[in-house]
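Here's the structure we're looking at; comments come further down.
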Amino acid sequence: MKVTGFTFIRNAVKYDYPIEEAIRSILPVCDDFVVAVGKSEDDTLALIESIDPDKIRIVETIWDDSLRTGGHVLAEETNKAFQAVGDDTDWCFYIQGDEVVHEQYLDEIKNAMLRWKDNARVDGLLFKYKHFYGSYDYVGASRRWYPNEIRIVRNNKSIYSYQDAQGFRKGDNEKLNVKPIDAFVYHYGWVKDPRIMQRKQEDFNKLWHDDEWVDKHIDKVSKFNYAEHIDAIKLFDGTHPKVMQERIANSNWQFDHDISMNRTTMKEKLKSFAASKLGLDFSYKNYKLI
């Protein structure tokens, strides 16, 4: 069984993406790795080149910044990396620049890939998610955070990145058939120095919206106010991946939240009740469980 990791990145240093940690977290189960590195305003290319030259192959790209609807440029960059995966690969392990896999799940992930490798019905493997918010001490506790996503796909080039690169489809907009696995992806996209997070908000939203929308909806302030955007979070009671330990130790901002002050709408409460008591799940699913 051959496994190839793949991802895309641009301006990782400028926006403080844990892309090195993301790649290193899954390298132990990958035979090689393809990184689509967009032309950047910082030392992103040098950073990627320094990680593991023996395993990592870089595809240099130029982002089409005219694609300012729905984050489609992110899917386009994902597809550039995916299409560069060699034909002899069985499984393709996708990781985004703000996602990290805990080492405790690597055996389960490898075993799942072996288990379903020869079952052609299985297009991909579905991961669970922990979404960190504000600091490394809190995770999202509301249903607005997506609970699952596909992060391993078969090396079938009819598969492609969907919409803003959150998931995948195949052929003529068909959902992938997936098997769930008992492994989490740790999403750190909402854990940054508030000054960097604010800069990211101002720039990154331009991948989804025009200048008028950005000017109207994104505050022009020096620091992102995490407290203003909380609905419900909870304290994280687990451990972070080893590759994240140095980054966490070097974090230089403070964020504290009284979880008794969480804001939960009645709609959210009803959805939670339906899920926990009645077994009804109304969440969006960009996949088909088989």
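Only the coordinates and a few stated rules stand behind these numbers; no lab work does. All of these numbers come straight from a predicted model, not from anything done at the bench. With ideal geometry, Cβ positions are generated from the backbone for all residues, glycine too; neighbour counts draw on all protein chains shown.
Near the amide H of Ile233, within less than 5 Å, lie the amide hydrogens of Ala141, all on another chain or at least 5 residues away, with H placed in the peptide plane.
For Gly38, the amide hydrogen comes within under 5 Å of the amide hydrogens of Ile9, Arg10, Thr61, counting only partners 5 or more places away or on other chains and with H modelled in the peptide plane. Counting only DSSP beta bridges with both residues in the chain, the antiparallel share comes to about 45 percent. Arranged from fewest to most other beta-carbon atoms within 10 Å of their beta carbon, His131, His209 become His209, His131. Listed values for segment 90-97 are Karplus-derived 3J(HN,Hα) couplings in whole Hz (6.51 cos²θ - 1.76 cosθ + 1.60, θ = phi - 60°), namely 8, 10, 10, 9, 8, 9, 8, x, and x replaces Gly and Pro. Pick from Asp16, Asp219, Asp90: which residue has the top mean-square fluctuation in a GNM of the chain where Cα pairs under 10 Å get a spring? The residue that fluctuates most here is Asp219. Here's the picture: charge each Lys and Arg Cβ at +1 and each Asp and Glu Cβ at -1 in the chain, and of Thr44, Ile290, Pro194 the one pushed furthest to the positive end of that dipole is Ile290. Residue separation of Lys242 and Glu60 scaled by 0.36 nm, minus their Cα-Cα distance, works out to 62.6 nm of gained length. Projected label points at Gln163 and Ala120, each 7 Å from Cα along the beta carbon direction, are separated by 3.1 nanometres. Looking at Val153, Asn177, Val34, which one has the Cα that reaches farthest to the positive end of the dipole of the chain (charges on Cβ: Lys, Arg +1; Asp, Glu -1)? It is Asn177, whose Cα lies furthest towards the positive end. Taking the fewest neighbouring Cβ atoms within 10 Å as the starting point, the ordered list for Val153, Val13 is Val13, Val153. Scoring 196-206, 114-124, 56-66 by mean Cβ neighbours within 10 Å over their residues and listing the highest first yields 196-206, 114-124, 56-66.
Between Leu289 and Gln104, the distance separating the two model label sites (each 7 Å from Cα on the Cα→Cβ line) works out to 2.2 nm. Mean residue ellipticity, 222 nm, helices only, the chain: the sum of -39500 (n - 2.57) across DSSP H runs of n ≥ 4, divided by residue count and rounded to 500, is -7000 deg cm²/dmol. Using only side-chain charges placed at the Cβ, +1 for Lys and Arg and -1 for Asp and Glu, the dipole size of the chain relative to its Cα centre rounds to 1220 debye. May I ask what percent, to the nearest 5, of DSSP beta bridges between residues of segment 95-229 are antiparallel? The answer is about 65 percent antiparallel.
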